[in-house]
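A.B. asks: This is the structure, below, for whatever I ask next.
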Amino acid sequence: MPETTQKTMESYKSDVPVTWCPGCGDFSVLHALYKALGILGYDPKDTVVVSGIGCSGRTPIFTTCYGFHGVHGRVLPTATGLKLSNPKLHVFAIGGDGDGLAIGGGHFPHAARRNVDITYIMLDNSTYGLTKGQASPTTGKNSSARSLPYGAAEDNLNPIGLALAYNASLVARGFSGQLNQLIDLIVRGAKHQGFSFLHVISPCVVFNNTYPYYTKNVTFIPETHDVKNKLAALELWQDPSKTYIGVFHESQNRDPYAKRWEKIIELSQANGKGDVNQLLDNFR
């Protein structure tokens, strides 16, 4: 990768008006993305923002980067294809909790185990805000969402627990109410060589306003936490009394997916089996 110099966040803002509801947590995430891209100094023509369906799906059009607004639940396969086709691209995959853990839930473990070198930002409002507040996979049983006056009937999924179980090589959580930390987390995720998962608590102020709760209850991960220690990360995730934000786990001992394929191709060529026609002859 060529060296980059910092740019202003204005370099990444498109002329398209941001149309989320006033107070939406996604505004903070978008602002953090602008700031992080400016710090990273990425050229917009070398950067791609991919999204799925939902409120967060509009994110690509609010940037000057290349964008791809995919179909419901397919943000990770799309982002994976882009990164494999051109490993020099900086790829950000952005989707919601419903997009990533319901219809798209089957893609999450495979992107993590492959260690695709992308930054996956999950904007979690614990509701289907675009369709007026139904329960999502992360909605708690005691939710006070407007469409759930008696709570949810199902147990919720925990994205951090899933990412750790799927062996994602970087696992972190941010909160829309902690902008400076969120910027730092996006920068760290983008610099990480491999699959970086950033779970962002991004409240929906219309249908499931969790700002009052999380503003009081989020807790910064202690500076003494060893991010290489996955057992310690699991202990933080399972603490029922706190919602930790920060980096839970980071591992640098695995090659990214594209690099693994490069090695396989080099081996096949070294063994004289890199020619496609020769390979096809084995099946004729």
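A.B. asks: How about region 217-264: which GluC sites (Glu not before Pro) there are in a DSSP loop, with at most 11 other Cβ atoms within 10 Å of their Cβ?
C.D. replies: E223
A.B. asks: OK, next. Please give the peptides 21-32, 138-149 ranked by average Cβ packing (other Cβ atoms within 10 Å per residue), highest first, as a rough proxy for protection.
C.D. replies: 21-32, 138-149
A.B. asks: Over region 200-284, give the accessible area per residue in Å² for a 1.4 Å probe, as an integer.
C.D. replies: In whole numbers, region 200-284 has 69 Å² accessible per residue.
A.B. asks: Something else: Can you give me the % of accessible surface on region 1-47 that is carbon or sulfur? Probe 1.4 Å, all protein chains present, nothing else counted.
C.D. replies: Its accessible area is 55 percent carbon and sulfur atoms.
A.B. asks: 222 nm [θ] for the chain, helices only, -39500 (n - 2.57) per DSSP H run of 4+, per residue, to 500? Intermediate results must be reported in sequence, preceding the final value.
C.D. replies: Values: 9 runs with 88 residues, N = 284.
That calculation yields -9000 deg cm²/dmol at 222 nm.
A.B. asks: Sticking with this structure for a sec: So which lysines pass the test for K141, namely a Cα distance under 24 Å, with those fewer than 8 places away in the same chain ruled out?
C.D. replies: List returned: K132, K216, K242.
A.B. asks: Let me ask something else about it. For Cα extents along the principal axes in Å, one of (1) 114, 38, 27; (2) 65, 42, 42; (3) 70, 46, 37 was computed from the structure I shared and the rest are decoys. Which label?
C.D. replies: Structure-derived value, by its label: (2).
The values are calculated or read from the model by the stated rules, or taken from the named source; none is laboratory data. Note that this is a predicted model, so its numbers are computed, not measured. Cβ atoms come from the backbone with ideal geometry, glycine included; neighbour counts cover every protein chain shown. Side chains are part of the model used for accessible areas, which takes the heavy atoms of the whole protein and leaves out ligands, DNA and RNA. Shrake-Rupley method; radii C 1.70, N 1.55, O 1.52, S 1.80 Å.
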